[in-house]
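Heads up: the structure comes next, in structure tokens.
The values are calculated or read from the model by the stated rules, or taken from the named source; none is laboratory data. What you are looking at is a predicted structure, and each value in this text was computed from that prediction instead of being measured. Neighbour counts run over all protein chains shown; Cβ positions are idealised from the backbone, glycine included. Surface accessibility is based on the protein's heavy atoms, side chains included, excluding ligands, DNA and RNA. Shrake-Rupley method; radii C 1.70, N 1.55, O 1.52, S 1.80 Å.
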Amino acid sequence: MATTEVVVSILVSTLIGGIIIGYLSQRSRMCFVGGVRDYVLVKDTHLLKAPLAFLIGAVVVFAIASLVASMPTWPWFITKSLMPIPGAPLAANAAVPIYNHIILAIIGGLGIGIFAVFAGGCPLRQHVMASEGDKSSMLYLLGFYIAAVVFMAFILPNIQIF
Amino acid sequence: MTEQKERKRIIKHSYLIIIAGLVTGLIAALLQITAGVGPPNAPVAYGICIACHGRDLINWIVNAIGGTNLGYGTLVAGVPVLTVVGIVAGAFISSTKNKEFKFRTTKNPGVSFVCGFAVMASALILGACPLRAVLRVAYGDAIAVVGFIAISVGVVISAAVIKVNARRAINREVT
């Protein structure tokens, strides 16, 4: 059971981290699907720098942390081979064959890619645009959060196939 | 003179997006290592995920109001993470401070709604939004590499459709 200090630290640190990320995303118009989209459409690599810098920043922190403290599962593919990191509610049972996880990743990834471009940006960009007063992004967020409830309440119990 | 100014602006903007991406990556990893948004409270590489954190927050609210028992990613005494709230607050502070806040209307509200619904459902199938997909790659998850390639392929498909539609619209105008 988590102590009160842990709960408070998580709430405060995620809120502050979110504010910093939101501020910088608004200033830089950062978008994680926009990079690939702009490169395909107009050969512009500007937005591609954000995911690349994100990857480098995260890898550096994980690497330093694994040197100075204990990071028993990093890097994941060495300790857990090809198993995915948990977090996908459909693939909660990690004991299923590996190709099931690959199929889920392909279906989910294609869905995100196709619909994110039609909406005009990744979920982060949509949150930022909604905060700038864009009504279409606000409607996007409405669908986004309704989908979270519908998926967990109605879809997930019925398609727990893996 | 103006050309020089324009070039300076572009260079500044280019630095800004690298800094934004870098800081977001640092925060995402640090939240796991120092703040407890990771084992044993949550999965690894959970420092940032718009879809998962949004799901945690909305399901916590629905559970609190409706007495339901919807699933979570973080199980820290049943308290959700507040990253999404912070992002909205930070972007709002930034846009009002720089006088960029403006209500903009929409032409096709249904499309936005359906896209939001479909993106959240897809993100929960993959178990990651685009940000967490990159974070999982940083943590060394091979399935996340497949997921990110699938996202990119989806973007290419969608961009091709947009390109064809635009060309058709131009042709219609010409003829």
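Dividing the summed -39500 (n - 2.57) terms of all DSSP H runs of n ≥ 4 by the residue count of chain B sets its mean residue ellipticity at 222 nm at -25000 deg cm²/dmol. For segment B:92-125, trypsin sites (Lys or Arg not before Pro) meeting the loop criterion (DSSP other than H, G, I, E, B) and having at most 12 other Cβ atoms within 10 Å: B:Lys99, B:Lys102, B:Lys107. A cut-off of 5 Å between modelled amide H atoms, ignoring neighbours fewer than 5 places along the same chain, links A:Asp134 with B:Arg104.
Per the accessible-area calculation with a 1.4 Å probe, the total area buried between chain A and chain B rounds to 9500 Å². Rounded, prolate or oblate: which fits segment A:28-121 when a ≥ b ≥ c are the square roots of the eigenvalues of the alpha-carbon gyration tensor, with rounded for a/c under 1.5 and prolate only if a/b beats b/c? Oblate is the answer for segment A:28-121, as a/c is 1.5 or above yet b/c matches or exceeds a/b.
Please state the relative contact order of chain A as a whole percent: Cα pairs under 8 Å, 6+ residues apart? For chain A, the relative contact order is 23 percent. Heavy-atom accessible surface of B:Arg168, to the nearest 10 Å², is about 140 Å², with a 1.4 Å probe and all protein chains retained. Taking a ≥ b ≥ c as the square roots of the eigenvalues of the alpha-carbon gyration tensor, the protein assembly as shown is classed rounded because a/c is under 1.5. Using helices alone, I'd like the mean residue ellipticity at 222 nm for chain A: each DSSP H run of four-plus residues gives -39500 (n - 2.57), total over residue count, nearest 500. Using -39500 (n - 2.57) per qualifying helix, the result is -21000 deg cm²/dmol.
Placing +1 on the Cβ of every Lys and Arg and -1 on the Cβ of every Asp and Glu, with nothing else charged, gives segment B:2-174 a dipole about its Cα centre of roughly 840 debye. Taking Cα centre as origin and charging only the Cβ of basic (Lys, Arg, +1) and acidic (Asp, Glu, -1) residues, the dipole magnitude of chain A rounds to 260 debye. Backbone phi angles across segment A:151-159, fed through the Karplus curve with coefficients 6.51, -1.76 and 1.60 (θ = phi - 60°), yield HN-Hα couplings of 4, 6, 8, 10, 7, 4, x, 8, 10 Hz in residue order; Gly and Pro are listed as x. Shown in residue order for segment B:106-123 are the 3J(HN,Hα) couplings computed by the Karplus curve 6.51 cos²θ - 1.76 cosθ + 1.60 at θ = phi - 60°: 10, 7, 10, x, x, 4, 4, 4, 5, 4, x, 4, 5, 5, 4, 4, 5, 5 Hz (x for Gly and Pro). Candidate cross-link partners of B:Lys102 among the lysines, defined by an alpha-carbon separation under 28 Å and a same-chain spacing of 8 or more, comprise A:Lys49, A:Lys135, B:Lys5, B:Lys8, B:Lys12.
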